[in-house]
Amino acid sequence: MNLLAHFATLVAVGGITASASAQTLDIRHTAPDNTLVRTTADAHYLLLPVEDDAPDARIEVLDGGAIVRTFYVRLAQHAVDYTVPFDLTPYAGREILFNIVGEVPLRPHQMEKFVCWKALRLADAFDTANREKYRPVYHHTPLYGWMNDPNGMFWKDGAWHLCFQYNPYGSKWQNMTWGHSVSPDLMHWTQEPSVLEPDGLGSVFSGSAAVDSANTAGFGAGAVVALFTSAGKSQVQSLAYSTDGGATFTRYAANPVIVTEHEARDPKIFWNERLGKWNLILAHALDREMLIYSSPDLKNWRFESAFGRGYGCQKGVWECPDLFELPVRGTHEKKWVLICNINPGGPFGGGATQYFVGDFDGHRFVCDMHPDETLWMDYGKDHYAAVTWSDAPDNRRTAIAWMSNWEYADVVPTLQFRSANTLPRDLELFRLPNGSLRLGVKPAKEVESLRRGKTTFPAATLSASPVVCTLPAEADGVCEIELALDFGHARKIDLVLSNEAGESVRMTCDVHDAKKRTFAMYRQQSGATDFSLAFPATTVAPMLQTGHKCTLRIFLDRCSVEVFGANGEFAMTNLVFPSSPYTSLALSAEGGAARVEQLTVYPLGGAE
């Protein structure tokens with residue numbers, strides 16, 4: 001499961017192995033904002049001390065006098081929060097010079113007084129063992145560093161590949177690279193070496209990948225082809241390909257393959273069997289629209305049309321699109337769904353994922369919805385950049401999102417890593433009684449493999465006096481809760497997760513109006529919230545269930561609560577940071593009696 005498994009036995013962060021201890025670092029301060037560090041690259045890593053609140057320093061790596069890498073690190077000025085590794089193995093045996101430049105003006109002799117110089121180390125291994133109380137048990141996270149948008153997701157030869165926006169040199173946004181993790185089952189992830197790093201065209205922003213089974217691009221049958229945004233002075237679209245199943249990628253020599261006059265990013269590619277060509281959808285970010293292209297070979301793209309101006313939520317920039325066909329539950333009908341992530345403009349602040357339903361002929365997307373109608377894929381604060389896997393087996397359409405929010409993502413109370421992904425979710429369409437279509441969102445079936453036993457509680461009548469159920473103590477209270485409710489005569493049903501410290505997450509089913517039932521989550525008292533004024537929040541979703549009953553699935557991890565209508569009617573994803581795990585669930589009803597028909601709790605584990 002370890003990114004560095006092919007290297008030496010792990011040692012403590014900042015430690016030096018016997019072979020590395022003989023190495024030396026020649027450190028020379030040449031100007032108030034410039035330091036040179038020279039070493040012979042015989043160790044695996046140079047461990048860089050980081051202070052999260054320090055300004056960036058630019059590091060240029062010189063090999064034989066030529067700049068071969070440039071990246072940014074918040075080098076520790078006053079205290080070391082953690083260290084990050086720079087891989088020296090590509091330069092083994094050669095003398096390497098690090099030209100370090102402060103990005104903000106510094107007083108004379110200020111840089112030479114930074115504490116980082118005494119903590120700078122050479123080492124043959126880097127420890128990635130978890131040191132964070134809030135690292136999830138069963139959600140994907142990077143072993144260390146910052147992560148945001150999922151990218152380049154494809155299935156091939158029995159493995160799910162997940163690339164992601166990654167900063168390997170710190171726990172805040174910078175140095176955008178494609179990290180890479182692989183899983184046999186969507187639950188157990190192994191982080192592999194990064195596959196795309198910044199080059200002369202800029203950082204590697206979001207994009208997608210697909211298997212070119214028919215060799216349309218000429219890189220070989222079954223090659224994995226990625227389209228991504230190169231973000232430098234401008235944003236252009238570049239291509240890379242892999243002939244080893246996605247382990248490594250080679251950039252196309254004629255990049256960029258798409259250039260636009262205005263800012264555009266996050267290309268999503270897919271093979272359109274009916275068209276006999278590839279399609280690509282691209283976010284025209286500031287114009288709040290999506291651009292649609294076609295290509296016979298993934299290299300030469302023709303602009304087809306645009307969609308979006310005046311449709312849906314127009315408050316923020318449009319990003320991270322997706323376009324795919326889905327079956328309508330219980331019918332032989334299919335419709336197309338266009339995913340559009342926006343930031344800001346979400347229903348409760350910051351980013352969110354909206355979607356549109358319509359028809360697509362390979363050239364134009366025609367929306368069935370009224371332009372003023374806005375539909376959300378998830379009603380929590382912490383669901384953004386949702387996109388789906390390419391080439392998934394059994395015609396599955398499976399999505400995953402970044403589980404955070406730009407309003408506070410870089411200040412949440414973790415340091416070794418920042419951000420996780422949501423649970424993977426299977427998608428389908430379903431019709432409401434009035435005939436309109438909605439996107440059904442269910443947890444991927446593989447999550448059931450994490451169940452470690454179960455506790456079934458007896459049915460109970462709910463009133464103003466709470467019925468209290470004890471949650472499992474093992475695995476930090478990490479569990480899945482299945483709950484079947486009969487609303488009875490209640491106007492409101494309360495579900496309260498709490499711990500011994502008095503911290504709580506309150507969830508409310510407001511069912512007094514059968515046409516406007518809502519599910520709400522309140523995290524104002526959930527634990528640590530003072531790191532951002534935007535974090536304490538109430539989120540509300542339409543329940544959409546008909547009749548007088550509903551079933552909910554609630555997933556607790558160390559720093560998150562995800563709630564799903566059991567038939568995919570709604571989803572809600574919120575981060576929480578309790579000082580200790582939630583140990584009880586209290587249920588009560590207002591305005592009349594309700595009934596718990598089923599309550600089952602499954603401890604979850606095994607993904608770490």
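Before moving on, here are some points about what is shown:
- Breaking point among (1) loosely packed, with under 15 Cβ neighbours inside 10 Å; (2) touching a residue at least 40 places away in the same chain (Cβ under 8 Å), for ASP513: (2)
- Condition met for VAL236 (crowded, with 16+ Cβ neighbours inside 10 Å, assigned by TED's automatic domain parsing to the domain that holds TRP278, touching a Leu at 6+ places or on another chain (Cβ under 6 Å) and not charged (D, E, K, R)): no
- Of the residues making up region 464-486, those that are crowded, with 16+ Cβ neighbours inside 10 Å and either of a type in the set (D, E, K, R) or farther than 20 Å from VAL137 by Cα (or both) are PRO466, VAL467, CYS469, ASP476, GLU480, GLU482, LEU483, ALA484, LEU485, ASP486.
- Output for region 417-454, where each listed residue is surrounded by fewer than 22 Cβ atoms within 10 Å (Cβ to Cβ), among the hydroxyl-bearing types (Ser, Thr, Tyr) and farther than 17 Å from GLU482 by Cβ: SER436
- Look at region 234-249: where a residue is part of a strand (DSSP E or B) and a partner is crowded, with 23+ Cβ neighbours inside 10 Å and basic (Lys, Arg), sitting 6+ places away or on another chain with Cβ atoms under 9 Å, you get GLN235/ARG265; GLN237/ARG265.
- Unique match (being in a strand (DSSP E or B), at pLDDT 95 or above and within 20 Å of ALA352 (Cα to Cα)) among GLU407, GLU428: GLU428
- Residues of region 144-172 satisfying the condition of being surrounded by fewer than 22 Cβ atoms within 10 Å (Cβ to Cβ) and part of a loop (DSSP other than H, G, I, E, B): ASP157, GLY158, LYS172
- Among the residues of region 342-366, those that are touching an Asp or Glu at 6+ places or on another chain (Cβ under 9 Å), in a loop (DSSP other than H, G, I, E, B) and in contact (Cβ under 8 Å) with a residue 60 or more places away in the chain comprise PRO344, GLY349, GLY350, GLY362, HIS363, ARG364.
- Within region 185-196, tally of residues that are within 19 Å of PRO136 (Cα to Cα) and either without any contact (Cβ under 8 Å) to a residue 40 or more places away in the chain or assigned to a loop (DSSP other than H, G, I, E, B) (or both): 5
- Within region 565-579, residues that are more than 19 Å from MET403 (Cα to Cα) reach partners that are outside any strand (DSSP E or B) with beta carbons closer than 6 Å, at six or more positions or on different chains, in the pairs GLU569/LEU544; GLU569/GLN545; SER579/ALA501; SER579/GLY527.
- THR414 passes every criterion in (1) surrounded by fewer than 18 Cβ atoms within 10 Å (Cβ to Cβ); (2) part of a loop (DSSP other than H, G, I, E, B) apart from (1).
- Inspection of region 506-528 identifies at least one residue that is over 24 Å from LYS442 (Cα atoms), among the acidic types (Asp, Glu) and out of contact with any strand residue (DSSP E or B) (no Cβ under 9 Å at 6 or more places or on another chain).
- Identity of the residue in region 187-233, more than 21 Å from the chain's Cα centre (by Cα) and among the charged types (D, E, K, R), that ends up surrounded by the most Cβ atoms within 10 Å (Cβ to Cβ): ASP212
- Among all residues of region 315-324, there is at least one that is charged (D, E, K, R), assigned by TED's automatic domain parsing to the domain that holds SER294 and modelled with pLDDT under 95.
- Within region 536-566, restricting attention to residues that are out of contact with any strand residue (DSSP E or B) (no Cβ under 7 Å at 6 or more places or on another chain) and surrounded by fewer than 24 Cβ atoms within 10 Å (Cβ to Cβ), the residue that is farthest from HIS489 (Cα to Cα) is ARG558.
- Within region 302-318, the set of residues being crowded, with 21+ Cβ neighbours inside 10 Å and without any contact (Cβ under 8 Å) to a residue 60 or more places away in the chain comprises GLY308, TRP318.
- Filter result (touching an Asp or Glu at 6+ places or on another chain (Cβ under 9 Å), assigned to a loop (DSSP other than H, G, I, E, B) and of a type in the set (A, V, I, L, M, F, W, C)) within region 199-233: ALA217, PHE219, ALA221
The values are calculated or read from the model by the stated rules, or taken from the named source; none is laboratory data. Just so it is clear, the structure is predicted and the values come from calculations on it, not from any experiment. Neighbour counts are summed over all protein chains in view; Cβ atoms, including those assigned to glycine, are modelled from backbone coordinates with ideal geometry.
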